[in-house]
Amino acid sequence: MANTKLKPLVTLRILLLITVINYIAQIPYYLHNYYFRYHLAPTASSIVLLGGTLAWFLVGYVGTMRHTKYGYGTLLSFLVVEVLFYAHTLLSGTFLRQLHNPSMVINAVFVIGYISGITAGVYVWLLVRHKASFVN
């Protein structure tokens with residue numbers, strides 16, 4: 001009989017990779033939009049917000065990899081918020097305005113972000129559907 005449980009270590013590594021790429025993409029986004037154009041350093045609040053959301057994800061990811069209930073809930077909550085964020089940009093029409101940006105850098109970051117949002121949606125489904133594979 002084949003083991004039907006998901007292999008959390010393997011499947012969550014894909015989520016980790018895509019999410020980290022999305023966070024790294026924020027660097028060229030910031031440089032292109034704000035630093036090179038206006039020579040503005042990032043504000044403390046923007047660093048705290050970006051760092052805080054990354055920490056939120058990493059706490060959930062590590063906790064889920066260790067099969068803890070707090071990890072599963074933390075990761076699931078992060079992913080739900082990410083899905084809602086990208087769903088809002090789609091439903092509000094922001095997505096359509098973003099497609100008209102002439103910058104290849106910015107368009108690449110948008111594409112990475114939407115891939116991350118779609119991936120988050122897939123993992124919300126996987127985490128809920130296969131909860132027993134992620135929590136002991």
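The values are calculated or read from the model by the stated rules, or taken from the named source; none is laboratory data. For clarity, every value in this text was computed on a predicted model and none was experimentally measured. Methodologically, a virtual Cβ is constructed for each residue, glycine included, from the backbone with ideal geometry; neighbour enumeration extends over all protein chains shown.
Some values worked out for this structure:
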| read-out | value |
| --- | --- |
| Qualifying residues in segment 88-128 (those that are in a loop (DSSP other than H, G, I, E, B) and out of contact with any helix residue (DSSP H, G or I) (no Cβ under 8 Å at 6 or more places or on another chain)) - the one nearest to Gly63 (Cα to Cα) | Ser92 |
| Residue check, Phe85 at pLDDT 95 or above, part of a helix (DSSP H, G or I) and surrounded by fewer than 16 Cβ atoms within 10 Å (Cβ to Cβ) | yes |
| Within segment 51-61, tally of residues that are surrounded by 15 or more Cβ atoms within 10 Å (Cβ to Cβ) and not β-branched (Val, Ile, Thr) | 6 |
| From the options Asn22, Asn3, residue that is outside any helix (DSSP H, G or I) and either modelled with pLDDT of 95 or more or on the phi < 0 side of the Ramachandran plot (or both) | Asn3 |
| Segment 111-129 residues that are on the phi > 0 side of the Ramachandran plot and hydroxyl-bearing (Ser, Thr, Tyr), paired with ones that are crowded, with 20+ Cβ neighbours inside 10 Å and not in a helix (DSSP H, G or I) (beta carbon under 9 Å, 6 or more apart) | none |
